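Everything below concerns the one structure shown next.
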Amino acid sequence: MENTKPIRIKTISEFHKLRALPKPAHPLISIVDYSDIRFFPEEGKEVVAIFDFYSISIKSGVTGKLKYGQQQYDFDEGIMFFIGPNQVFGVEIDQEELQKATGWIMLIHPDFLWNTSLGKNMKKYEFFHYAVNEALFLSEKEEMIINGIVQNIQNEYHSNIDKFSQDIIISQLETLLNYSERFYSRQFLTRKISSHQILDRLEKVLTDYFNSEDLLIKGVPTVQYISDQLNVSPTYLRSLLKVLTGQNTQQHIHNKLIEKAKEKLSTTELTVSEIAYELGFEHMQSFSKLFKTKTNLSPLEFRQSFS
């Protein structure tokens, strides 16, 4: 991967101009066919960009199996990507592959969502902060559903704009995002091998960390550290764990911490203060508070239950 300086694209009109597209029919929302997008030789084989707007896209017709890590995926009909404003992302350009690929990219400026229900709820759609390798793989049926909604949005903003247009498009966007959330949940559940591998690796990462000197030197592991070890983004890991276990990453870290604390309280004569220090806490009170929250017992009460 080359060290390429990111191109910042502030407006949808600017994107259209950069990609040799006609002016957008609407300044704040646009849907573009991949086959119409132009890249130029002077850009090199990789383009790195930052959008000041949301991007949703489906790319289909890619030859061969797609891989994430060492796993091959069965849904090759369409790959759906979500990118939020101010995210840096890279696009590998292969002119031959681009000619084979079909699909679309939807651009939505945050101003279009201003003072709407969707604008207030965008943060709940965490997949806008997933990494590219955590894309949504769609079945043929799922892709048809998404494409139908996108066609409705395109028809609406190409029609005569009136006082109902924004509300109708916002409603369609909410439907699209809610379906996407459903399909991601399906992906977590149906890809049991890859999902369970992440769970197994999470358990190993936590066990190794809590049995090493890192706990004493660096303190309790952060969500970012765990995500880095598993090679997934923090938001993706949280979402996957919530679907598979009902708990987020921080709760898994705390569970392992409490498990280690119980072991020390029941098998050693270390004081609560010493145990708190060995578990990476600067203050015993913080450790005791967390322990009681998780077990309904203070560390001393737990230890006394073994007397």
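The values are calculated or read from the model by the stated rules, or taken from the named source; none is laboratory data. Here the structure is a predicted model, which means the values were calculated and not measured. Positions of Cβ are generated from backbone atoms using ideal geometry, with glycine treated the same way; all protein chains shown enter the neighbour counts. Just so you know, the surface numbers come from the protein's heavy atoms only, side chains and all, with ligands and any DNA or RNA stripped out. Shrake-Rupley method; radii C 1.70, N 1.55, O 1.52, S 1.80 Å.
For Lys242 and Ser117, what does the FRET efficiency come to when R0 = 22 Å and r is the distance between their Cβ atoms, rounded to the nearest 0.05? It would help to have the intermediate numbers written out before the result.
Numbers: r = 23 Å, r/R0 = 1.05.
Calculated transfer efficiency: 0.45.
Which value in nm describes the separation of the simple spin-label points at Lys124 and Lys141, placed 7 Å from the Cα toward the beta carbon?
Between Lys124 and Lys141, the label points sit 2.5 nm apart.
Can you tell me the length gained on complete extension of the stretch Ser13 to Gln197, counting 0.36 nm per residue apart and subtracting the Cα distance?
Details: separation 184, 0.36 × 184 = 66.24 nm, distance 4.33 nm.
Working it through step by step, the gained length comes to 61.9 nm.
Which of the trypsin sites (Lys or Arg not before Pro) found in the range 225-300 are loop residues per DSSP with 15 or fewer other Cβ atoms within 10 Å of their Cβ?
On the way: sites: Arg238, Lys242, Lys256, Lys260, Lys262, Lys264, Lys289, Lys292, Lys294; in loops: none.
Hits after loop and neighbour filter: nothing returned.
What is the range 260-307 by shape, rounded, prolate or oblate, if you read a ≥ b ≥ c off the alpha carbon gyration tensor as root eigenvalues and call it rounded for a/c under 1.5, prolate for a/b larger than b/c, and oblate otherwise? Don't jump to the answer; show the numbers that get you there.
Working: a/c = 1.94, a/b = 1.17, b/c = 1.66.
Oblate, because a/c is 1.5 or more while a/b does not exceed b/c.
What number comes out for the charge environment of Ala261, summing +1 per Lys or Arg and -1 per Asp or Glu over other residues with Cβ under 14 Å away?
+3
Identify all lysines with a Cα-Cα distance to Lys10 below 17 Å; exclude those on the same chain that are fewer than 8 residues away in sequence.
Lys23
Hey, rough spin-label estimate for Gln251 and Thr268, points 7 angstrom out along Cα→Cβ, what's it come to in nanometres?
Going by the 7 Å Cα→Cβ label model, 2.8 nm.
Using heavy-atom solvent-accessible surface (probe 1.4 Å) with all chains present, what is the largest-first order of Thr249, Thr295, Thr267? Display every interim value, and only then the final one.
Values: Thr249 5, Thr295 30, Thr267 100 Å².
Highest to lowest solvent-accessible surface, that is Thr267, Thr295, Thr249.
Considering only protein heavy atoms and a 1.4 Å probe, what is the carbon-and-sulfur percentage of the accessible area of the chain? Provide the component values of the computation, followed by the final result.
On the way: 8670 of 17120 Å².
Answer for the chain is 51 percent, counting heavy atoms of protein chains only.
Within the range 114-171, which trypsin sites (Lys or Arg not before Pro) sit in a loop by DSSP and count at most 13 neighbouring Cβ atoms inside 10 Å? If you can, show how the numbers build up before the last one.
Working: sites: Lys120, Lys123, Lys124, Lys141, Lys163; in loops: Lys163.
Those satisfying the criteria are Lys163.
Taking the structure as given and computing Rg and Dmax of the Cα atoms in Å, which label from (i) 21.0, 62; (ii) 24.2, 87; (iii) 24.0, 79 fits?
Read-out from the structure maps to (iii).
Please list 3J(HN,Hα) in residue order for the range 229-236, calculated via the Karplus relation 6.51 cos²θ - 1.76 cosθ + 1.60 where θ = phi - 60°; whole Hz, with x for glycine and proline.
5, 8, 6, 9, 6, x, 5, 5
Between Thr207 and Gln304, with labels modelled 7 Å along Cα→Cβ, what's the label distance in nm to one decimal, could you check?
It is 3.4 nm.
How much accessible area per residue does the chain have, in Å², with a 1.4 Å probe?
Values: 17120 Å² over 307 residues.
On a per-residue basis, 56 Å².
So what is the calculated 222 nm ellipticity per residue for the chain, using -39500 (n - 2.57) for each DSSP H run with n of 4 or more, over all residues, to the nearest 500 deg cm²/dmol? Each step should come with its number before you reach the end.
On the way: 13 runs with 151 residues, N = 307.
After summing the helix terms and dividing by residue count, I get -15000 deg cm²/dmol.
In whole angstrom, how far apart do the alpha carbon centroids of the range 136-151 and the range 243-272 sit?
Result: 42 Å between the Cα centres.
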